[in-house]
Structures are given as structure tokens and as C-alpha cells.
Amino acid sequence: MIRPLIAGNWKMNGVAGMLSVIEEVVNGLSERSDGADCLICPPATLLDRASRAARGSALKTGGQDCHAEPSGAHTGDISAEMIADAGGSYVILGHSERRADHNESSEMVASKAEAAARANLTPIICVGETLDEREAGQTLSVISGQIDNSIPETATDASFVVAYEPVWAIGTGKVATVEQVEEVHNAIRKQLVQRFGGSGSDVRILYGGSMKPGNAAELVSLENVNGGLIGGASLKASDFLSIYDAGISNL
């Protein structure tokens, strides 16, 4: 049984007042059974304070991106080492918004994943297809290529997480069916096992297509859905904790 991961991505949301959500989640986890890993990735301006608020609890914190280099003349960027120094233990890489808004290639994502490993962070490597790619029947080939090129050649075991984001189902009102989610997650698992052997069976594959309290239980009941990468629902502690409850309901 793979231990689920319920991960919140706050994106570009949150100022100091949002630290109350961290505190609510910490308190909520203390009242629940320990059935899954729980993570929130706030904006970089809050990471140190969020990490301090979560210290000693079941809640982990992480970054939303990192630079491939440990330091240097890269104005506005954040290194993996900086995320670790601020208390983070994970970093989201290759999110669809980064790929689209910042023209990030899979090769760039792979170099960042190597940086994450260098800083002892667990990378959450995101993959997913656009609506045009899905309608053209290219979903599995697109995702297969992203996995091939986004996971570093130096990766040798299950020390990373994969998150599937159907880009067309995020904030658009469109919803991926359970069958569509299952098909992609099963294909990702098969590819990971082919590349990594037995350890490919241990890689956590998260679903990142607008998971909410109302659909989380059905999604995490699927064999190769090992948790979720949560966007908007992670900004409200009660919704996020409800998804956590769904994540441990099948254990």
C-alpha cells in the first residue's frame, strides 16, 4: 500500500493573514489518524513562517518552483537550497502554469529536479495535456514524453512524486471522468515500472485536476491515484482537511 500524499498548492495566493490556515490544518491533523502525508506549498514569502507554524506537526511545507543552480546572478529566482533553508521538504516542478507562462521545457524541469535532489527536497514533477492535445488523441503520448524528459536520468529510485494535471480541466468548468483519470494514471504507473523496475511501483502519482471535497473520495479510490495536488481547495482549511479525510478513507 502506497502512503497517500495530500498536497496543497497555494499558487500566487496568501499574505500573512493566511498563516491562520496553516494553524487550522496543523490543529486538524492533530485530531486525525496518521494515514497520509500532508503538504502545503505556500508562496515563497510565507514559506519560512509557514514552516515555523508547522514545526513539530504532521504538516510538511514546500516550494512552488526552484532554480536549477544553487546560487548566482538569477534575479527573482529561488534555489532548492533556499527552500530547504526556509523549512521546506518538497518542491513542485513543471506545473502546467510554469510550463505555459514561463515556457518551461521538460528538460528544464529535469534540471530542477536534480537540484531538488541535491538539496534533499522531494520533487513533485507535474505532467499533463492541453485540450487540443486531448482532442487530437495525443494524451498518452504527450504525457509519456513529459515523463521521459522531466524525470532526470540520474533518478534511480522512487525519491520523487508525479502529479497528473489535465490542463483542460483546471479552472475551466470541464471535468475529467473517472475513466479518463484511471487511464492516464495506469499508463504513468506502467511507464514508471518499465523505467525503474520494482521501485516504479512505489512512486506516488497524484491527481491534480481540480480535486475537491465532493470528488476526492472517488478519485483516491482508484488504484494508481495516490493522493492529490490541490489548488483552490487548499486555501480553506476545512476543504483541505476533508480531502485529507478522503485520502485516508480507503486505508
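Things to note:
- Some residue of the stretch 232-240 being farther than 23 Å from S96 by Cβ and of a type outside the set (D, E, K, R): yes
- Residue satisfying condition, being touching a residue at least 12 places away in the same chain (Cβ under 8 Å), in contact with a Pro (Cβ under 6 Å, 6 or more places away or on another chain) and over 26 Å from G232 (Cβ atoms), within set E153, E114: E114
- Taking each residue of the stretch 200-216 that is in contact (Cβ under 8 Å) with a residue 12 or more places away in the chain and at negative phi and looking for partners that are polar (S, T, N, Q) and part of a helix (DSSP H, G or I) with beta-carbon atoms closer than 6 Å, six or more apart or interchain, yields P213/S242.
- Among strands (runs of 3 or more DSSP E) entirely within the stretch 1-98, having at least 3 residues that are out of contact with any Pro (no Cβ under 7 Å at 6 or more places or on another chain) singles out 5-9, 37-41, 59-63.
- For first residues located in the stretch 82-95 and buried (at least 19 other Cβ atoms within 10 Å of the Cβ), partners that are modelled with pLDDT of 95 or more and among the basic types (K, R) and lie 6+ apart or on another chain with Cβ distances below 7 Å form the pairs Y90/K60; L93/K112.
- Matching residues, the stretch 126-141, being assigned to a loop (DSSP other than H, G, I, E, B) and surrounded by fewer than 20 Cβ atoms within 10 Å (Cβ to Cβ): T130, A136, G137, Q138
- Odd one out for I2 among (1) modelled with pLDDT under 95; (2) surrounded by 18 or more Cβ atoms within 10 Å (Cβ to Cβ): (2)
- Verdict on G145 being small (G, A, S) and over 22 Å from N9 (Cβ atoms): yes
- Strands (runs of 3 or more DSSP E) fully within the stretch 143-251 that include at least 2 residues being basic (K, R) and crowded, with 20+ Cβ neighbours inside 10 Å: none found.
The values are calculated or read from the model by the stated rules, or taken from the named source; none is laboratory data. Quick caveat: nothing in here was measured; it's all calculated off a predicted structure. Backbone-built Cβ (ideal geometry, glycine too); neighbour counts: all protein chains shown.
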